[in-house]
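Worksheet for the structure shown next.
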Amino acid sequence: MERIDKRNYYLDIAETVLERGTCMRRNYGAIIVNNDQIISSGYSGAPRGRKNCIDIGFCIRENMHVPRGERYELCRSVHAEANAIIHAARRDMLGATLYLVGRAVLTNDYVQNASSCSMCKRMIINAGISEVIIRISKNEYNVINVNDWIDHDESLLGKMGY
């Protein structure tokens, strides 16, 4: 029997976490790992005390035909990365790795070209997380060095000629 590599092991755990997600479009699961220890987990869902989209039976962004990656302020959910960061102490996240898996609700396929939104990127940077690993397929993943997000500040697009 072949032993699973460590990154896919943690991605499998993040994939299990996404099963708690309550989004009607895409569910994400995230875990934060530091020194081979799981620090925190998070999935996409409405803030505590508010009804989830699956509970109210509709998605505002879906009803408005908002394309993926746009108008997140309309979304009821707190993103998986944000929830994982909220539930961890910064001292435990310094130098950590965040593992992220997303699946489309209707097809159960992995989200293609998945990436953290600009707000989650800012939180990941401020949390001191150094690496983000995003699942592409059951055994493939992208590795993102968070310093790349710092060096290539997307909030300056159009202002600095990027």
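The values are calculated or read from the model by the stated rules, or taken from the named source; none is laboratory data. For clarity, every value in this text was computed on a predicted model and none was experimentally measured. Backbone-built Cβ (ideal geometry, glycine too); neighbour counts: all protein chains shown. Accessible surface areas use protein heavy atoms only, side chains included; no ligands, DNA or RNA. Shrake-Rupley method; radii C 1.70, N 1.55, O 1.52, S 1.80 Å.
Kindly indicate the residue of region 61-101 that is crowded, with 18+ Cβ neighbours inside 10 Å and among the small types (Gly, Ala, Ser) and also farthest from Asn145 (Cα to Cα) among those meeting that condition.
Ser77
Listed residues Asn139, Asn126, Asn113; which is under 13 Å from the mean Cα position of the chain (by Cα) and open to solvent by 80 Å² or more (accessible area, probe 1.4 Å)? Working first, answer last.
Details: Asn139 fails: under 13 Å from the mean Cα position of the chain (by Cα); Asn126 fails: under 13 Å from the mean Cα position of the chain (by Cα).
Unique residue meeting the criteria: Asn113.
Every residue in region 28-50 that is within 13 Å of the chain's Cα centre (by Cα), open to solvent by less than 30 Å² (accessible area, probe 1.4 Å) and over 15 Å from Ser137 (Cα atoms), please.
Residues of region 28-50 that are within 13 Å of the chain's Cα centre (by Cα), as a first pass: 28-32, 40-45.
From what is left, the residues that are open to solvent by less than 30 Å² (accessible area, probe 1.4 Å) are 29-32, 40, 42, 44-45.
Answer for region 28-50, where residues must be within 13 Å of the chain's Cα centre (by Cα), open to solvent by less than 30 Å² (accessible area, probe 1.4 Å) and over 15 Å from Ser137 (Cα atoms): Ala30, Ile31, Ile32, Ser40, Gly42, Ser44, Gly45.
Please specify each residue of region 82-133 satisfying the condition of being farther than 23 Å from Tyr9 by Cβ and touching a Cys at 6+ places or on another chain (Cβ under 9 Å).
Correct list: Ala82, Val105.
In region 61-74, is there at least one residue being assigned to a strand (DSSP E or B), in contact (Cβ under 8 Å) with a residue 12 or more places away in the chain, in contact with a Cys (Cβ under 8 Å, 6 or more places away or on another chain) and of a type outside the set (D, E, K, R)?
No, there is no match, as no residue in region 61-74 is assigned to a strand (DSSP E or B), in contact (Cβ under 8 Å) with a residue 12 or more places away in the chain, in contact with a Cys (Cβ under 8 Å, 6 or more places away or on another chain) and of a type outside the set (D, E, K, R).
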